[in-house]
Each structure stands twice: as structure tokens, then as C-alpha cells.
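Heads up: the structure comes next, in C-alpha cells.
The values are calculated or read from the model by the stated rules, or taken from the named source; none is laboratory data. Since this is a predicted model, take the numbers as computed values, not measurements. Glycine also receives a Cβ, built like all others from the backbone with ideal geometry; neighbour counts cover every protein chain displayed.
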Number of protein chains: 2
Amino acid sequence: MSRQIYLDNAATTPLIPEVIDAITEFMKEDFGNPSSTHAFGRKTKNTIENCRRSVANHFGAKPSEIIFTSGATEANNIIIGHCIKNLGVKRIITCEMEHKAVLDTVKNMAKAHNITVDYIDVCQKGNAQLTHLEELLNQTEKGKTLVSLMMVNNEVGNILDGKATAKICNQHNALFHSDTVQFVAHDHVNFREWGIDFATCSAHKFHGPKGIGFLYAAKEATIAPLLHGGSQERGFRPGTENTIGIVGLSKALDVAMSNLEKDVAHMKQLKHYFIEQLNTYFSNQYKVNGDVNKGLCTILSIGFSREIANELLLFSLDLKGIAASGGSACNSGSNQGSHVLRAIPVDDKPFIPVRFSFSKLNTKEEIDYCIGVLQELLKKPE
Amino acid sequence: MSRQIYLDNAATTPLIPEVIDAITEFMKEDFGNPSSTHAFGRKTKNTIENCRRSVANHFGAKPSEIIFTSGATEANNIIIGHCIKNLGVKRIITCEMEHKAVLDTVKNMAKAHNITVDYIDVCQKGNAQLTHLEELLNQTEKGKTLVSLMMVNNEVGNILDGKATAKICNQHNALFHSDTVQFVAHDHVNFREWGIDFATCSAHKFHGPKGIGFLYAAKEATIAPLLHGGSQERGFRPGTENTIGIVGLSKALDVAMSNLEKDVAHMKQLKHYFIEQLNTYFSNQYKVNGDVNKGLCTILSIGFSREIANELLLFSLDLKGIAASGGSACNSGSNQGSHVLRAIPVDDKPFIPVRFSFSKLNTKEEIDYCIGVLQELLKKPE
């Protein structure tokens, strides 16, 4: 069994040749420390600032509003800490379906700084309820509020109405942070026009390298740095820059944005076709987790009925060369409970969850292969 | 003027072909998320764990004692925070000559957590005084103590007697952390045998990539993570791993350690030759900052007399294609005061500081060229 099919693109994506080439070329040409003011340093500094400008342009942001970090986890930690330490936030409204990088950070910082945390209601389709958000924001006695809601859920793919959410936050004088990790490079977003205060991204979700991401902070906010000891990133993120990563991130984003419509159309087709095939072969024996009509093209979370599937399904798929996951990468390959699926209030009998997630590199033929393997693996109901 | 000579290797070093090749090959072959448990993830996880084992082996450490970080700045921040939050440290003894990544972190955390900070005396040659360390450690009423002293000073190159320092700390039941950024890959160190509790490193100081480093924490200590939201690095450093960086770091370290004696001999020769030439052409018009007899082969910090040099010297060197610095990269290329040089209690008339720092890639011929340029730039004393 030598064939390998990668359908776990929400966990991470393959590097594309354009990014590999950009990094390789950069490694051969450029090694200066961006903080050095001699020619070697200036050259690298120039490269980084060009990357920053390019990244900012894709989101209607100013270069000074983009701060490179080691990834979205660090970026989320910086922003949530900043809001509490610098901006007087006394309450955070978030959702049980957030990524742990937000959820755990909120829980830890709330405990350390005596912050109230409210969780927004989720409907049966897994959508955060904006009417509930408004209700919560009307409780003005709870003090300055940060709303942290992800733009696309990483497990079920549901898309938040980011503009509407930002508008509600702005109307209630609350800050709005969005983990946009799964969203950017798969759709257009103008942080400024939408009214988003803080956003976070990770390059490896759009065919860039791991260990590099950025945060957007509107209005050139003075960020409370998480680290101390250097003036890099205007002092907001000390430590010598991951120059290779920045070059790779910028290139990956450029490629993604310049082919966005075509790639998205392709992935939509794949997802649509996958569902069609599931209907053909496993009708009534599966459900889509989350809101199939409001889901991003990259993510398809399926629950297979226990009549035809068991906990070994992901393991069996892996043996057949198909990479999928049970949820986020943390519990990929296992069927341990997902906090996201638990947060969706459905009263179905237990299903076996499998997240298939697509990139522009996947093909219809791979879906056919995957459906074929599923037919082999899943028992016919008696 | 097209010639460019790089003599700022204490700020950062060029990537070597072995590292570029290792990274390029890895990028083409391997992209999984190490947290994914399917075949793609396991492959990458395996690569990372092999790197960790290899890194640990170079320092007599267990793999579980090595935690990859985005660099030494983050590593220093994690360790100092951990000692205060988890290990009951009430006092920190450090030195005014430390890198800002330690000094600023200590200052910030001391303020936030009401920690006493004592600074160890420095002699005229820039060496931290271990007799004073003992005196300070005898003040046992100040509570559980962390000693943070760098193994090699990044501006003047002075080497700490790491074994003796660790012994004193151990005898006084104090924890010992050493920023070993400039030291590792230029000499052998066995963290365990020496009795070091915590050490920090950055790959880009030994021809590896920027944005990746590691910390050593003895006895598989439970680190208080700085970031929240993931179980990577056993939960001590959440966030998807910088896989490219880890591969590059490991390869750079392997190459450095396998050629260590030869490379060090070469750099010693360069430094010795540089000083010889300075004596020949600028005798009595310069001094060596720090302890020339106790300095690492990579770093030569010179103070040129104001009779022959002025504040534009670094700028002029840069125009002639020679990259050197005024101190750490933060103030490289400028002559703004160095906190390190200020910390050395000398009462000389002001000198113009220039740090030349070498790597194995530099040549005697480059030193000749540099000396030639210095002869052009420096005024003959009247």
C-alpha cells in the first residue's frame, strides 16, 4: 500500500514549490541580522519590510499594523495578554468552539487577572449566536470587553459573519479579536474596513512554513510584548526574526491571493463532490458536523453512524494511506472527544467523527479513491 | 566598491551549504504536522525527535531536557518566568553585562513579581567576580535564588568559568541559568556534568537559521509555559513547531561539533593575527575591550583612540564593505553607548568601540583587507 492521500489540510498544508524556491533562494542570498545597520543587515531588513508591506496590502492594513510572530498561538497569546494588561479589558466573550490557542489562553489569563469570561451560545449547526453576543454586550456593568471569535472553525468549517460581528462589537464599544487562521488565504478580508481590531494568522495553513505567523493590530496599537529583551518588531515581539519563515509566509500568501477564486472554486467542487459521493454510498449513515451551507470549502467534518463505523476508522484510513483527522491536529488520528463537537448542542446518537480537509492540491480522483476505501472499510448496515 | 567582508558573526552567521541543503531537502520531502498521528504527521514527528536526540547528545542531556523555542530570547523569558512562577525563586543574581534578553526580562519580571535583583561585580577586564557571587549567595535571608550569567559575553567575548559558577550555585542551593548563545558550537559543554540547571541557545549564531533555538532544563523539569493553547513540546511550548528551523538547527550543530577543533583553531589564528596587525599599525592607539586572555576566539572588541577615530568609523567601514558592529546587533552600526561596555569599570578616556567577530568562513586575507581599510580610515596621530 504505497499510495498516500493527504486530506488533513486544516492541520497543515504541503509547502508549494513557489515557497520552497523563495526560501531556498533567500537562504543562499541573504543572511543578515535585520537589526544590524550595516549593508548585510539592511538588505535583510529591506526584505522583511517588503514582506510586511505585501502582507499588509492583502488585508487593507498598514505595514505597521502587522507584527510577525512564531505562529498564531503566540499571536493569540500576545493579543489577549495585551488587551488585559494594556487596554483595561475586564471581561472576555468567546465561544466553547474556539481553538485551544484562544480558549486555554483566555482561561489562563482570566484566572491570573481576575477577568470574567462569558461564552456565546452555539446553535445546532455550530454557529455562534450573534443575538446572544448582543445580549451579553448589553451587560455593560461587566466592564471593558474583548470579543474573541474565530472567523472559521477549524474542526467543522463554519464561517462567522465577521463584518456583522465587528459591527456589533464596535457599536458596543467592545474590542474584537478574530483567530483568522483557517480563513485567510481562502477568502478576502479587509481588516480595517470590516472593523476588526485584532487578527491572527499562521503561514502553514496556506502552504507556507510552520513556526511563522503574524498578528494584525489596528491603529498601530502599542502592543504589550509577551517577551522582553529586544527591539525587534518595534519592541512588540523581541527576538531575532525568523527571516526564512517571513519570506515563506509572504510568498505563500501572494500565491494564494493571486489564485484565490480559481483555487476556491476547485476546493468547493471537491467538497461538493465528496458530499455527493457520500450521499450515493452512505446515505442515512452519516451526517455533516457543523453548517454545511455555511462552511468553508476546505473543511468537511463528517459523523459516520456507529452502525457502519467504529473508533478504528481513522486508524484504518491511515493504514490505507489516507490522512484525515478526528478534529484539530491535537487529536488527529484519535477519536478522543473533540471539545468543538461537544460544544454543538445536538442530541443525535453518537457518531464517529472524521474531518476531511482539502487544499488546492487535492484532486477529484483522490476523492474517488477515498470513497472507494470508505466503501471497503465501512460495514454495510444489516 | 563591490567587495563585502562580514565580520559581525556574533550578531548572526551565514547559513552554510550543509544547512541550506538539509532544509531544502526537508521542505521537499516532509510537511506533516508533528501533532497529527497519521503517517504524514508521524514522519515529521520522527524527524523532530531525531533532531532533539541529536541536539541533546551534544550536551550530555536527555532528549526530554531539550525544548525547542523560537530562539534564545523566548527561551530566556520562559526559564526566568518558570523559576519565579514554579520554583519559588525570590531573588535573581545576574550581571549588568548580560544580554538584554536576560537583563530586561529579569527587570520586568522582578518588578511584576516583587523579586529582589542583585548584580554581581565586574572587574576592569569585564569578568563577573565569582567571589562576589559567593558573598551574595551567602545572604541566605534573601530566599530561593536564581543565578543568571552568560557563558560568553556577546560584546566583549569574555568566557565565564561555567563549571566553577555551577559548583558555587549548587553549593548554595541556588539555581543556575546560563545564556550560552555565543558559547555553544564553539566549545564543548556537558550541561549535566557541569551542573547547569538551565541553558539557552539560538541556531543563527552557529550557521543555522534565525527564529529557532532551544532551552535545556535539567531533570526534565516541568516548565511553566509562557504560551497557552497546545500540547507541543510536551505542553511546555505550545504552537505548531518550526520544523524547518529545527532541522536546520540540528544540522548546523552537527556540522559545528564535528569540526569544532579545526574551526576554533582557525578562528583563534584569525583573532591572534588581527591583534598582531593592530599592534603593528595602531600600537598605543587602541585597546581590547574585555579580557583578551579570557576571550572566545569569535569575538574581538576594540576601542580605537579618539585621536585616530571618530563616531563615523563603523559607517565608514560599512561604506568600504566591511560589516562590524558597535556592540550587540541592537546597536550594530551605531556608536550609541553599549550597556556592556558601560558595565566595565575602566577610567580610560573615551574610545570608539568596534566589535569584530569571526566565523570559520573568514580568511586571513579578509583580515588583511580590513586592516588596510582601517589604515585608510584612521587618521595618523599628529
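For the stretch B:170-182, a residue qualifies if it is buried (at least 24 other Cβ atoms within 10 Å of the Cβ) and not aliphatic (A, V, I, L, M), and the qualifying residues are B:PHE176, B:HIS177, B:SER178, B:ASP179, B:THR180, B:GLN182.
Checking each residue in the stretch A:265-291 for being surrounded by fewer than 17 Cβ atoms within 10 Å (Cβ to Cβ) and part of a helix (DSSP H, G or I) picks out A:ALA265, A:LYS268, A:GLN269, A:HIS272, A:TYR273, A:ILE275, A:GLU276, A:ASN279, A:THR280, A:TYR281.
Do you know which of the residues in the stretch A:350-374 that are more than 24 Å from A:HIS266 (Cα to Cα) and not aromatic (Phe, Trp, Tyr) is modelled with the lowest pLDDT? Taking the candidates together, the pick is A:PRO350.
For the stretch A:97-128, the set of residues classified as more than 10 Å from every other protein chain (Cβ to nearest Cβ) and among the polar types (S, T, N, Q) consists of A:ASN114, A:THR116, A:GLN124, A:ASN127, listed by residue number.
Screening A:ALA203, A:ALA185, A:ALA164 for residues that are crowded, with 20+ Cβ neighbours inside 10 Å, of a type in the set (A, V, I, L, M, F, W, C), on the phi < 0 side of the Ramachandran plot and touching a helix residue (DSSP H, G or I) at 6+ places or on another chain (Cβ under 8 Å) leaves exactly one candidate, A:ALA203.
In a residue-by-residue description of the stretch B:130-140, the property of being surrounded by fewer than 21 Cβ atoms within 10 Å (Cβ to Cβ), acidic (Asp, Glu), without any contact (Cβ under 8 Å) to a residue 12 or more places away in the chain and away from chain A (no Cβ under 14 Å) applies to at least one position.
Just one of the listed residues (B:GLU261, B:GLU241) is in a helix (DSSP H, G or I) and charged (D, E, K, R), and it is B:GLU261.
Being of a type in the set (S, T, N, Q) and surrounded by fewer than 22 Cβ atoms within 10 Å (Cβ to Cβ) is the filter; apply it to the stretch B:96-126 and report the residue that is farthest from B:GLY290 (Cα to Cα). Looking at residues that are of a type in the set (S, T, N, Q) and surrounded by fewer than 22 Cβ atoms within 10 Å (Cβ to Cβ), I get B:ASN114.
Restrict the check to the stretch B:187-197 and report whether at least one residue is in contact (Cβ under 8 Å) with a residue 24 or more places away in the chain, within 13 Å of the chain's Cα centre (by Cα) and assigned by TED's automatic domain parsing to the domain that holds B:ILE80. Among the residues of the stretch B:187-197, at least one is in contact (Cβ under 8 Å) with a residue 24 or more places away in the chain, within 13 Å of the chain's Cα centre (by Cα) and assigned by TED's automatic domain parsing to the domain that holds B:ILE80, which makes the answer yes. Give the residues of the stretch B:292-326 that are within 14 Å of chain A (Cβ to nearest Cβ) and outside any helix (DSSP H, G or I), sorted by residue number. B:GLU311, B:LEU312, B:LYS320, B:GLY321, B:ILE322, B:ALA323, B:ALA324, B:SER325, B:GLY326 - these are the residues of the stretch B:292-326 that are within 14 Å of chain A (Cβ to nearest Cβ) and outside any helix (DSSP H, G or I).
Looking at the stretch B:10-31, is at least one residue part of a helix (DSSP H, G or I), in contact (Cβ under 8 Å) with a residue 60 or more places away in the chain and of a type in the set (Phe, Trp, Tyr)? Yes, the stretch B:10-31 contains a residue that is part of a helix (DSSP H, G or I), in contact (Cβ under 8 Å) with a residue 60 or more places away in the chain and of a type in the set (Phe, Trp, Tyr). Any residue at all in the stretch B:45-63 that is crowded, with 20+ Cβ neighbours inside 10 Å and part of a loop (DSSP other than H, G, I, E, B)? Checking the stretch B:45-63: at least one residue is crowded, with 20+ Cβ neighbours inside 10 Å and part of a loop (DSSP other than H, G, I, E, B). Test B:ASN77 against the criterion of being part of a helix (DSSP H, G or I), surrounded by fewer than 22 Cβ atoms within 10 Å (Cβ to Cβ) and facing chain A (nearest Cβ under 9 Å), and give yes or no. Taking the combined requirement at face value, the residue does not satisfy it. Scanning the stretch B:26-37 for residues that are surrounded by fewer than 17 Cβ atoms within 10 Å (Cβ to Cβ) and either of a type in the set (S, T, N, Q) or over 24 Å from B:GLU233 (Cβ atoms) (or both) returns a single hit, B:LYS28. What's the total number of residues in the stretch A:216-266 that are at the interface with another protein chain (Cβ under 7 Å from one of its Cβ atoms) and over 20 Å from A:ILE78 (Cβ atoms)? Result for the stretch A:216-266: 1.
The condition of being without any contact (Cβ under 8 Å) to a residue 12 or more places away in the chain and crowded, with 21+ Cβ neighbours inside 10 Å holds for only one of A:GLY211, A:GLY229, A:GLY248, that being A:GLY229. All of B:ILE48, B:ILE66 fail the test of being within 18 Å of B:LYS219 (Cβ to Cβ) and either modelled with pLDDT of 95 or more or more than 9 Å from every other protein chain (Cβ to nearest Cβ) (or both), apart from B:ILE66. Scanning the stretch B:232-245 for residues that are of a type outside the set (Val, Ile, Thr) and surrounded by 23 or more Cβ atoms within 10 Å (Cβ to Cβ) yields a total of 7.
Among the residues making up the stretch B:18-31, a single one is under 30 Å from B:ASN158 (Cα atoms) and within 10 Å of chain A (Cβ to nearest Cβ): B:VAL19. Hey, any hits in the stretch B:128-146 for a residue that's within 30 Å of B:LYS251 (Cβ to Cβ) and in contact with a helix residue (DSSP H, G or I) (Cβ under 7 Å, 6 or more places away or on another chain)? No, there is no match, as no residue in the stretch B:128-146 is within 30 Å of B:LYS251 (Cβ to Cβ) and in contact with a helix residue (DSSP H, G or I) (Cβ under 7 Å, 6 or more places away or on another chain).
So which residues in the stretch A:201-210 are within 14 Å of the chain's Cα centre (by Cα) and within 11 Å of chain B (Cβ to nearest Cβ)? Result: A:SER202, A:ALA203, A:HIS204, A:LYS205, A:HIS207, A:GLY208, A:LYS210. Identify the residue in the stretch B:32-44 that is in a helix (DSSP H, G or I) and more than 8 Å from every other protein chain (Cβ to nearest Cβ) and, among all such residues, is nearest to the chain's Cα centre (by Cα). Restricting to residues being in a helix (DSSP H, G or I) and more than 8 Å from every other protein chain (Cβ to nearest Cβ), the top hit is B:THR44. Can you find a residue that is of a type in the set (Asp, Glu) and assigned to a helix (DSSP H, G or I) anywhere in the stretch A:84-101? Checked against the condition, which is being of a type in the set (Asp, Glu) and assigned to a helix (DSSP H, G or I), the stretch A:84-101 yields no hits at all.
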